[in-house]
Structures are given as C-alpha cells and as structure tokens.
C-alpha cells in the first residue's frame, strides 16, 4: 500500500494480495483520521458481499472467489467502539460483463485498488439503532 496527501484528500493504492480492510485500517490509524468519504476502482477477489434484510435485521452473505473488476466502490470512515470502521459498498463485474454488488464485508486485491479518500475534521461515531438493527452514524456538533 502507498498513499499521498494533498490538502484534505488522499490518493491510496492497495496492492495485489493485500486485504482491503486491513490496509484501510492501517492507513486510518497511521494518519490519525477521524472520518471521511472513500471511493475507488480496481480489481478484487475473495469478496464477501451482503444484502441487509430489514425485516429479519440480518445480512444475507455470499463470497465471490474469482477475480472481479471493481466497477465502483463507495463508502465512509467512521469509528465504532473507538476504532476506525470503514463502511463500504461495491459494484463488481465478472468476465461475462455481469454486474452485481452489495455491502462489503471482506475483500482482497486481485490486481490493484486505486482509492480517493476525503477526510473530515469531525469524529463521527457509530451507535446501535435498535429500529434498524445496525450501528448507524451519530452526528454530533462540537
């Protein structure tokens, strides 16, 4: 992984065979980041995606173990239990030009991953919302 900062923005490259969440957490800790927005493109493998069923308050999960084009990755950095937490969604494409996506639980880089990260000054934390069964973003004003 390599990254460079330009103002409040970062360009990040995560390399082949590196785990996306491990490297993003390492990046957030090293830079002391509070919160922000992330987007990217590249190619992934061993991707675990989820679809949230509100009526059951649980995720249906599926692992995609081939190599896939990462058509779009969008997400944010917040904190959960005092630690950096990346909430990511992705759209993947396969060799037949089919596209599918969902909430990303895990992924490894198949070729390269190129990301843009825009940091926010304020700390955004996640707290449990019993109505939806998920830790959602808690906005607080300082």
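No value in this document is a laboratory result; all are computed from the given coordinates. Predicted model only: the values in this text are computed from it and were never measured. Methodologically, a virtual Cβ is constructed for each residue, glycine included, from the backbone with ideal geometry; neighbour enumeration extends over all protein chains shown.
Checking residue 81 against (1) loosely packed, with under 14 Cβ neighbours inside 10 Å; (2) within 19 Å of residue 23 (Cβ to Cβ), only one condition comes out false. Which one?
Exception for residue 81: condition (2).
Residues of region 13-37 being in a strand (DSSP E or B) and either crowded, with 19+ Cβ neighbours inside 10 Å or without any contact (Cβ under 8 Å) to a residue 60 or more places away in the chain (or both), which ones?
If the condition is that a residue be in a strand (DSSP E or B) and either crowded, with 19+ Cβ neighbours inside 10 Å or without any contact (Cβ under 8 Å) to a residue 60 or more places away in the chain (or both), then 14, 35, 36 are the ones that fit.
Given the structure, is residue 86 in contact with a helix residue (DSSP H, G or I) (Cβ under 7 Å, 6 or more places away or on another chain) and touching a residue at least 24 places away in the same chain (Cβ under 8 Å)?
Answer is yes for this residue.
Among the residues of region 58-78, write down those that are surrounded by 15 or more Cβ atoms within 10 Å (Cβ to Cβ) and farther than 30 Å from residue 121 by Cα.
Of everything in region 58-78, those that are surrounded by 15 or more Cβ atoms within 10 Å (Cβ to Cβ) and farther than 30 Å from residue 121 by Cα turn out to be 59, 64, 67, 68, 69.
Do any strands (runs of 3 or more DSSP E) entirely within region 38-113 hold 3 or more residues that are out of contact with any strand residue (DSSP E or B) (no Cβ under 8 Å at 6 or more places or on another chain), and if so, which?
In region 38-113, there are no strands (runs of 3 or more DSSP E) which contain 3 or more residues that are out of contact with any strand residue (DSSP E or B) (no Cβ under 8 Å at 6 or more places or on another chain).
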